[in-house]
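Working notes for the structure below.
None of the figures in this text is laboratory data; all of them are computed from the coordinates on show. Since we're looking at a predicted model, the values are computed, not measured. Glycine gets a Cβ as well: all are built from the backbone with ideal geometry, and neighbour counts include every protein chain shown.
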Amino acid sequence: MTVIVGLVHKKRVYLGGDSAGVAGYQLTVRRDPKVFTNGPYAMGFTTSFRMGQLLQHAFKVPRPKGDLDRFMVTTFVNALRTCLKDGGWARKESEQEQAGTFLVGVRGRLFAIDSDYQVAESADGYAAVGCGDELALGALHATATLAMKPRARLETALAAAAHHSAGVSAPYLYVATPRPS
């Protein structure tokens, strides 16, 4: 249970995430972040804190090169699969591998990695994952034409999700990809 929100603004990707750790009716506000940077990537996860720990501390991210679409669906995903398998987190059911869901920003583009390792990129320039994703997406849509700074838009989306979802809780943390050179 969580919400991770992201948006693209002036060739940078900005992510925000909540701090809820939820199991049934139990809520723990976690200190470990759901959003972080790893090399040139900004990442934010849902599904499992173990998966997020592997993404942050064990994933040796490949440097993006060439066609970014092709790179993400091949080189990036293959390295991700290896990391999650080596970390004991990846699952296999009916001969199909499954992982978790997270957002990743790189080179001014925002991708969602789904549990089947599908790489998705929204034409809207923003995305959200987790139990509060629909609430956050509504807020991101409503603020798209307003003159708000990226962090203010993310704060608005996170606050909307927290207000209406029992699985989302402050404090909120934020990261961004490096400034383009």
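Things worth noting here:
- The chain: Lys pairs at Cα distance under 28 angstrom, eight or more positions apart or on different chains: 16
- Annotation for region 96-161 versus region 5-36: alpha-carbon center distance of 11 Å.
- Summary of packing: across the peptides 116-127, 168-179, the per-residue average of other C-beta atoms within 10 Å ranks them, highest first, as 168-179, 116-127.
- Check: region 6-47 dipole with +1 on Lys, Arg Cβ and -1 on Asp, Glu Cβ, in debye: 240
- In this entry, the chain is assigned a mean projected area of 10.4 nm², taken as a quarter of its C-alpha convex hull surface.
- Of the DSSP H helices in the chain, those that are both long (alpha-carbon extent of 20 Å or more along the helix axis) and hydrophobic (Kyte-Doolittle mean at least -1.0) are 150-164.
- Ranking THR2, ALA144, GLN56 by how far each Cα lies toward the positive end of the dipole of the chain (charges on Cβ) leaves GLN56 at the top.
- HN-Hα J in Hz across region 102-111 - Karplus 6.51, -1.76, 1.60, θ = phi - 60°, x for Gly and Pro: 7, 9, 9, x, 7, 6, x, 10, 10, 10
- Put simply, when 90-97, 12-19, 55-62, 101-108 are sorted by average Cβ atoms within 10 angstrom per residue, most first, you get 12-19, 101-108, 55-62, 90-97.
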